[in-house]
1. So, in nm, how far is label Thr298 from label Ser165 when the simple model puts each one 7 Å beyond its Cα toward the Cβ?
2. Going by how many other Cβ atoms sit within 10 Å of their own, how do Asp137, Asp64, Asp250 line up, fewest first?
3. Can you sort Glu166, Glu213 from fewest to most other Cβ atoms within 10 Å of each residue's own Cβ?
4. Report the paramagnetic label zone for Asp53: residues of region 62-99 whose backbone N is under 19 Å from a point 7 Å from Cα along the Cα-to-Cβ axis.
5. Taking the Cα centre of the chain as origin, sum charge times position over the Cβ atoms of Lys and Arg (+1) and Asp and Glu (-1), and report the length of that vector in debye to the nearest 20.
6. Arg46 versus Asp115, label points 7 Å from Cα toward the beta carbon: distance in nm?
7. How compact is the chain by the rule of thumb for globular proteins, expressed as Cα Rg over 2.2 N^0.38 Å?
8. Which of Thr62, Thr148 comes first, and how do the rest follow, when ranked by fewest Cβ neighbours within 10 Å?
Amino acid sequence: MEHSPWPTVERRPDGTLALEAGAGVTESVVRALARGAAPPPPFTVRALAPLPDVPPGERAITVDQTNHSVIAGETVVVKWFPVPSRAPHPAPALLTHLAGFTRTATPYAVIFWEDALVALVTAYLPGARDGWEWCVDEAVAGRTAFATDIGRLAAELHAAMASPSEAFPDPVRLPPRPAFAARAEGAWREALELTDGDDGEWLARRAGALLAETAPLASAGRTPLIHIHGDLHVGQILQWRDGYAVVDFDGNPTVTEAEVFQPAARDLAQLLTSLDHVGQVAMLRRSADPAATAAWVTAVRGKLGTAYENGLADAGQADLLDRSLVRPFEIEQECRELIYAARHLARWRYAPMGVLRAWFA
Ligand code: ADP
Ligand code: MG
Ligand code: MG
């Protein structure tokens, strides 16, 4: 009989779920998993790899995050989903597909409550700091060498995504032209609607210029689609004891339709714009010099893009990138940042607005 505490999951009146993992719960769940103890129904566990020995103790991760991650015994991270969704979640299949890709936190197990994903259990990467810390340090110091490493890492990730596995026997798809233009336009309209005040007025005045840069989407040819990361920004890239690793395969929090197969250019565009956001953070929070920061952004964007393309070419996957999509997707991404700010994190608005004001001065 299993007596250790598991999280509570409640069904709210509107049908959504609410999970709470109080103090000590993560530690006890990890111990139960390590022992191979059966979870209390309706929890179920899908094991992906054996858990290591986990010393006692737990501590919550306190950086900005969407979910609630807790480190157990400085060995394992459990990411609890406070609002578990019954819709199929991309991460379990993706983590299985990426079994041979080592530049992420090793996934150990996936926990469900009925059919809803409630937690992902992965290895803790010692000394990990995410890009909203380490990359801002690079910007402030004016260092650019990291951009080559990160471009290579993104290319390796995409090459792994594009390699067949049991989970995805056909990882590269070439469907008739998807509706890229309509999706970008929808994001633009929503961003405009949700952004008020001076920023909103400024955006409305730039409508023509902004939409002109998304024009290539309307005439894009057929392009290969892979299961992209979907939320690839520097905050998902951890610098840790042994280098850089990419985490968080939850997908983009502002995209509701669950089409996870997308052009590689979407991930690249988001990663590149996140460097622009790092520049904004460096200026606002660390008083970095605007001219030096602008030069840094230009340099690291160039290095990252080149390393990414070289990495794809070395993997024999150069065809995955349609360059004509990158800029239009960057514009869409900035709209999504504004949507994210309006819905979840009002104080983030300055970052995409700072970038757009620089692009469309
Ligand atoms: P969310 O969906 O909440 O954004 P993430 O998977 O991105 O969750 O994790 C949130 C944060 O927790 C990361 O930005 C990073 O700082 C930290 N983190 C995540 N996974 C690990 C790990 N395996 N090792 C160390 N720190 C991690
Ligand atoms: Mg994250
Ligand atoms: Mg996430």
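Derivation of every value follows stated rules applied to the coordinates shown; laboratory data play no part. As the structure is a computational prediction, the values presented were derived from the model and not from experiment. Please note: Cβ atoms are built from the backbone with ideal geometry, for glycine as well, and neighbour counts cover all protein chains shown.
1. My value for the distance between the label points is 4.0 nm.
2. Values: Asp137 16, Asp64 9, Asp250 20.
Least crowded to most crowded, the residues run Asp64, Asp137, Asp250.
3. Listing Glu166, Glu213 from fewest to most nearby Cβ atoms yields Glu166, Glu213.
4. Within reach of a label on Asp53: 72-77.
5. Working: 32 positive and 44 negative charges, 48 e Å.
I would put it at about 240 debye.
6. The answer from the label model is 1.4 nm.
7. Working: Rg = 20.8 Å, N = 361, 2.2 N^0.38 = 20.6 Å.
Ratio of Cα Rg to 2.2 N^0.38 Å: 1.01.
8. Details: Thr62 7, Thr148 17.
Taking fewest neighbouring Cβ atoms as first place, the list is Thr62, Thr148.
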